Amino acid sequence: MHLPTPDSTPPTAPVTTPHYALMVFLPAAAATCSAGAAASHGTAQILWGIGAATATTAAVTFSVWRDRKATKAADTAARAADAAAESRTRLATTLSRLAEPVVTALNTVTAAPDTAQRHTALEVLISLVVDHAHTQCWLPQPSTADVRATLYELHGDHLERRRTAGRADTPRPDFHDQRSLHDHEAIRIAKGEHPLIVNDLHTAPPAHFQDSKGRSYRSFLAVPVRGGTTSYGMLVVDSDQPNTFTAIDKHHLLLMSAILGAGYAHVAATVPPTISPCPLHFTPTCEQTRHAAASLVSA
């Protein structure tokens, strides 16, 4: 692959065979007709002159057409490059602006001076991540999609629903490893390192979905929540429409789950030995959560 150096220009597209033939033929025809006109007399000279003029005009016209076509293609490529750059900039700006409260909440978790305040800060972080997943971790295509986000916490071999946001219908409360193949797969995702994205449960359901058409959602994205090598749960977004989520959403949700996993890991590492070793069962009051979340978002 040719890569232009700072002192060179990018390579141009190759000229196709028909165009190359015209580039050679028209000037040659003009030269031949001119030579014929110079060597002839009377009517023959006039005909050779007309041929030379026609060939010269055609050569100039073709050259102008070729230059305009190249200019138009370059303009189109430049506009496409500008649009792509603008989209990347807009996406980066949006992610930075919307993720700032979540990162600030993680900082509050790590800076909390005691166990109670760490648990309260973790609850705020959970609230912000789930709300963020519901409102931002998907592209509005189709615009009528009704999205829901749910966080499940991992406790041994079962998952328990911790928080949900979005669509009114309530997601299932838990998954148990020995209950069914579907539950087992959910536990496997939570304990693993790889996300799962399903575009349409009606046309391409995973093997473990026994009743893929009887659910309130048609597409979903599930990612594990991990802190280091420890699994803390699973973050899921689902939609009532097919093909709602993309690779961009997958990486976005992985970022959110990584931030949340860091919060869980910090709280788990700082629990004093005199209290329960599991930091996930403490739930502060709604007033504590609302006050802490409001102070972070308005900061």
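General observations
- Condition check for Trp65: at pLDDT below 70 and buried (at least 17 other Cβ atoms within 10 Å of the Cβ): no
- Among the residues of region 243-253, those identified as assigned to a loop (DSSP other than H, G, I, E, B) and over 7 Å from Ser219 (Cα atoms) are Phe245, Thr246.
- For Phe209, the conditions (1) within 30 Å of Leu128 (Cβ to Cβ); (2) modelled with pLDDT under 90 are fulfilled apart from (1).
- No other residue among Thr108, Thr94, Thr115 is at pLDDT below 95 and more than 18 Å from Gly263 (Cα to Cα) apart from Thr94.
- Any chance Ala258 is surrounded by fewer than 17 Cβ atoms within 10 Å (Cβ to Cβ) and at pLDDT 90 or above: yes
- Thr164 falls short on exactly one of the conditions (1) closer than 13 Å to Gly233 by Cα; (2) in a strand (DSSP E or B), and that condition is (1).
- Complete set of residues in region 223-242 that are part of a strand (DSSP E or B) and either in contact with a helix residue (DSSP H, G or I) (Cβ under 7 Å, 6 or more places away or on another chain) or at positive phi (or both): Val223, Pro224, Val225, Arg226, Gly227, Thr230, Ser231, Tyr232, Gly233, Met234, Leu235, Val237
- Annotation for region 174-189: no member residue is closer than 15 Å to Val130 by Cα, at pLDDT 95 or above and not in a helix (DSSP H, G or I).
- Exactly one residue out of Arg226, Arg215 is crowded, with 19+ Cβ neighbours inside 10 Å and touching a residue at least 12 places away in the same chain (Cβ under 8 Å), and it is Arg226.
The values are calculated or read from the model by the stated rules, or taken from the named source; none is laboratory data. Note that the structure is predicted; figures quoted are calculated from it, not measured. Heads up, the Cβs are rebuilt from the backbone with ideal geometry, glycines too, and the neighbour counts pull from every protein chain shown.
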